[in-house]
Amino acid sequence: MSASPTGKEGRRIKISGLVQGVGFRPTVWRLARELGVLGSVLNDGQGVEIKAWGAPSTLDAFVKKIQCDAPPLSRIDAVVSEALEDEPETDTFQIAQSRQNKVSTGIVADAATCASCLEEVFDPADRRYGYAFTNCTHCGPRLSIVEGIPYDRARTSMAPFIMCPACQNEYEDPSDRRFHAQPNACPICGPKIWLEDQTGVIESSDAISQLADWLRGGAIVAIKGIGGFHLACDATNNAAVADLRKRKHRPHKPLALMVRDLEMAEEVARLSEADCHLLSSAAAPIVLLPTAPANSLAEGIAPGQDRVGCMLPYTPLHHLLMRHVDRPIVLTSGNVSDEPQVIDNIEAVSRLKGIADYWLMHDREIINRLDDSVMRTVKGHPSILRRARGLAPETLVLHKDFRGTPNVLALGGELKSTFCLLRNGEAIVSQHVGDLKDPGVLADFRKALDFYLEAFDFRPDVIAVDRHPDYLSTREGERLAGVFGARLVPVQHHHAHLSSCLAENYVSPDDEQSLGIVFDGLGLGDDGTIWGGEFLVGGYSGFERVGHFQPVALPGGALAMNEPWRNAVAHLLAAFGPEYLGRLVGTPLSDLLAGKQLSVLHRSIEAGLNAPLSSSAGRLFEAVAAVTGVNCIAQSYEGHAAMHLESLARKHVDQEVAYPVTHSREVPRIISWASMWEALVDDVRNGVDAGRIAARFHNTLIDGSAEMAETIATEYGLKRIALSGGVLQNQILLERLIDALEERGFEVLTQARVPANDGGLSLGQAATAAVMARE
């Protein structure tokens, strides 16, 4: 590379990653001026492009400082430089107009209010004092308001709000932290808030203060946030919480809380340093925390659980409200249970009528619906349970060997649905959408998918779907394959779980052989039965089912997913035969079964009529919950019985031993639970505490799985084990299984960047389809 006659060398520097809408260009501008570099910087479809002239050593220092001093919300994935033979275009350094071409850059997730903006909101001398929509390039809405890339104001829901001169000056000044902050606004020119009840607008001089008064008085209010409406009430008021549950038709599922700050969080939960860091992060997720022994929370916040989900305020509106309320509040999605969260003002009044007493509205449109993300810490590290606001749609960089594969669109499963776009070694996993069986959720899924395809200028060569032909996501994939002329690749459910874990852990397609332990509720197996307690040897390109839990009938089919007693009957019948009823005499389940038509159920199981065989780990948990009397009759949400068992087990698990189990020696090896059931039923009949039984069951599952894994891995010469599936979100099971496997000398991979539940399926489907297409 030769210098120009001026003694300055020219370079074109291309930076890809999360570099738009985060203050990257003004950072480059500032560093260039500090170092005397000439040239320009602009946004384009690939990221940021810099033309720079200066002495070679100066340009080297410039590139290094860009990487070291990048803005807090940015992520640099690659820096590529090439020589420029031209002379400098200017005698200074400028920020040039964005250029639209083929899109490959990412959209940054919505970010919690930064410290600088928060200081202004609570400063009586500041022009943004008390303003609920204060933001800058380091914080505020992104995905929730954006319509496309490049991320410019005209392509957001802020376009109707014309900036006042003061805001315009900030927006145009590269030295200001609000330079090109697309949601930039103030009380003069920005969005406004107001209050309503069922009759219309309520006049108030201070809407947030009035809202706080209503909350303290026991009212239920609907609050329009960044990604949708929330329903809120006083979390310390038993009557208000019970009323919210009744109105929302949510009898037992835990309710999330918002707390003012970490100090208030410590009043309701026990926090580790890692928990504090996660709560205070820019993503500001709901974090699952151990409930404090003595707290002021209403009894109905999380029935039967020893964990509570807390989040900190993540917008100025929330910060202002929490200062006025000064107590924890429930902040749960604004919907009737299982429906999509409401995002539109008019729709909020009609759909939340009868639930909310009052509404806090604003006039900034929500373009993309976003639920709150849910996270926790596992062995001191963050782990995602629901990936949505604050996390999506951040791109996930996969192993470099995924570069050059065809474009893949993966459509995930039917529950906890997400979709994934995979291109050139980068995966874009959508926000959590929900249960596609609900028509509103399916419509939202289609809308979000259309947005992603257009925003990222993505045309799939391959479409990956679950192998279950009746999943609505599978049908949607079949339709889109026809639209795009794309190859359709069905991927077995548990294979996708395994691939998802490998992909997020940067495992190469050329070094994929692993043992996968996949425990979940259900997924269609290659043999036509329902799988869910699986030991798989393989990788992205294929797998062998080398072990599994003993298949047991699901009497009633889908009914067995909601009524734990059905699973108990099936498991006990498999373990003991028809005489199982005599073993149950004197137990809680015995009294319940006395009123059931068991002869009909037995005949359906024997004939295989509406009673498919299943190796499901989730159904095993439910059977144990029913036999112990923890939950016999019905579950009001997915995982209800299993979560209750986990909570009961936690304080006993260190002191209890495992029940005996056996597994066969031929492949596929099958874990049989008969000996466990014999000991467990004896414990129930002898009045052993349900918490101790739950602990023994957890230890049984851990020891039995670790022993099976060791046998299989040794036989196949494997040292890497990947853990996935929704049941492995059970913290006792996950952490202790990791310990048991690591003690045996294995490398253990877990899921943290996408959920281990079906929310991570789309990533695994995309990775598998990409490798299969490559081969």
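Of all residues in the range 114-160 being assigned to a loop (DSSP other than H, G, I, E, B) and among the charged types (D, E, K, R), which is nearest to the chain's Cα centre (by Cα)? Don't jump to the end; show me each part of the working.
Applying the first criterion (assigned to a loop (DSSP other than H, G, I, E, B)) to the range 114-160 yields 114, 122-135, 137-138, 141-145, 147-152, 157-160.
Filter once more, so that each one left must be among the charged types (D, E, K, R): 123, 126-128, 142, 147, 152.
On the way: 123: 35, 126: 37, 127: 36, 128: 33, 142: 17, 147: 22, 152: 27 Å.
Taking the candidates together, the pick is 142.
Looking at 244, 317, can you tell me which residue is of a type outside the set (Ser, Thr, Tyr) and within 22 Å of residue 390 (Cα to Cα)?
Step by step, each of 244, 317 is checked, and only 317 is of a type outside the set (Ser, Thr, Tyr) and within 22 Å of residue 390 (Cα to Cα).
Across the range 466-504, what is the total count of residues that are over 22 Å from residue 424 (Cβ atoms) and either under 24 Å from the mean Cα position of the chain (by Cα) or among the basic types (Lys, Arg) (or both)?
Residues of the range 466-504 over 22 Å from residue 424 (Cβ atoms): 466-476, 478-479, 482-483, 490, 492-495, 497-498.
Those left that are additionally either under 24 Å from the mean Cα position of the chain (by Cα) or among the basic types (Lys, Arg) (or both): 466-468, 471-476, 479, 490, 492-495, 497-498.
Summing the residues that are over 22 Å from residue 424 (Cβ atoms) and either under 24 Å from the mean Cα position of the chain (by Cα) or among the basic types (Lys, Arg) (or both) in the range 466-504 gives 17.
Would you confirm whether or not the range 17-33 contains a residue that is part of a strand (DSSP E or B) and over 24 Å from residue 141 (Cα atoms)?
As a first pass, look at the range 17-33 and keep what is part of a strand (DSSP E or B): 17-18.
From what's left, over 24 Å from residue 141 (Cα atoms): none.
No, the conditions are met nowhere in the range 17-33.
Read through the list (1) farther than 30 Å from residue 533 by Cα; (2) of a type in the set (Val, Ile, Thr); (3) touching a helix residue (DSSP H, G or I) at 6+ places or on another chain (Cβ under 6 Å), then give the number of the only condition that residue 483 fails.
Among (1) farther than 30 Å from residue 533 by Cα; (2) of a type in the set (Val, Ile, Thr); (3) touching a helix residue (DSSP H, G or I) at 6+ places or on another chain (Cβ under 6 Å), the lone unmet condition for residue 483 is (3).
Go through (1) out of contact with any Asp or Glu (no Cβ under 9 Å at 6 or more places or on another chain); (2) free of Cβ contacts under 8 Å to residues at least 60 places away in the same chain; (3) closer than 30 Å to residue 142 by Cα for residue 232 and report which single condition fails.
(2)
Return yes or no: is residue 237 open to solvent by 50 Å² or more (accessible area, probe 1.4 Å) and either over 22 Å from residue 334 (Cα atoms) or modelled with pLDDT of 95 or more (or both)? Show your work before the answer.
Values: open to solvent by 50 Å² or more (accessible area, probe 1.4 Å): no; either over 22 Å from residue 334 (Cα atoms) or modelled with pLDDT of 95 or more (or both): yes.
So residue 237 does not fit the description; no.
Of all the residues that make up the range 153-194, how many are surrounded by fewer than 20 Cβ atoms within 10 Å (Cβ to Cβ) and over 26 Å from residue 125 (Cα atoms)?
Number satisfying all stated conditions: 5.
Tell me the helices (runs of 4 or more DSSP H) entirely within the range 664-775 that contain at least 3 residues that are surrounded by fewer than 21 Cβ atoms within 10 Å (Cβ to Cβ) and modelled with pLDDT of 95 or more. I'd like the intermediate steps shown before the answer.
On the way: elements: 674-685, 690-716, 731-743, 761-774.
Output list reads 674-685, 690-716, 731-743.
Take the residues in the range 552-593 that are open to solvent by 50 Å² or more (accessible area, probe 1.4 Å) and closer than 15 Å to residue 522 by Cα, then tell me which one is farthest from the chain's Cα centre (by Cα).
Applying the filter and picking the extreme gives 559.
Can you name the residue in the range 439-479 that is of a type in the set (Asp, Glu) and out of contact with any helix residue (DSSP H, G or I) (no Cβ under 9 Å at 6 or more places or on another chain) and, of all such residues, is nearest to residue 772 (Cα to Cα)?
478
Within the bounds of the range 3-11, is there any residue that is open to solvent by 40 Å² or more (accessible area, probe 1.4 Å), closer than 21 Å to residue 394 by Cβ and of a type in the set (Lys, Arg)? If you could, list the steps in order and put the result at the bottom.
Here is the first cut: in the range 3-11, the residues open to solvent by 40 Å² or more (accessible area, probe 1.4 Å) are 3, 5-8.
Keeping just the survivors that are closer than 21 Å to residue 394 by Cβ gives none.
Checked the range 3-11: no residue is open to solvent by 40 Å² or more (accessible area, probe 1.4 Å), closer than 21 Å to residue 394 by Cβ and of a type in the set (Lys, Arg).
Give the range 379-396 a look and list any residue that's assigned to a strand (DSSP E or B) and either crowded, with 18+ Cβ neighbours inside 10 Å or free of Cβ contacts under 8 Å to residues at least 24 places away in the same chain (or both), or say none. Quick ask: steps written out before the conclusion?
Let us first name the residues in the range 379-396 that are assigned to a strand (DSSP E or B), namely 381-386, 389, 396.
Residues satisfying the conditions are 382, 383, 384, 385, 386, 389, 396.
The values are calculated or read from the model by the stated rules, or taken from the named source; none is laboratory data. The structure displayed is predicted, hence computed values, not measured ones. Backbone-built Cβ (ideal geometry, glycine too); neighbour counts: all protein chains shown. Remember, those area values only see protein heavy atoms, side chains included, never the ligands or the DNA or RNA. Shrake-Rupley method; radii C 1.70, N 1.55, O 1.52, S 1.80 Å.
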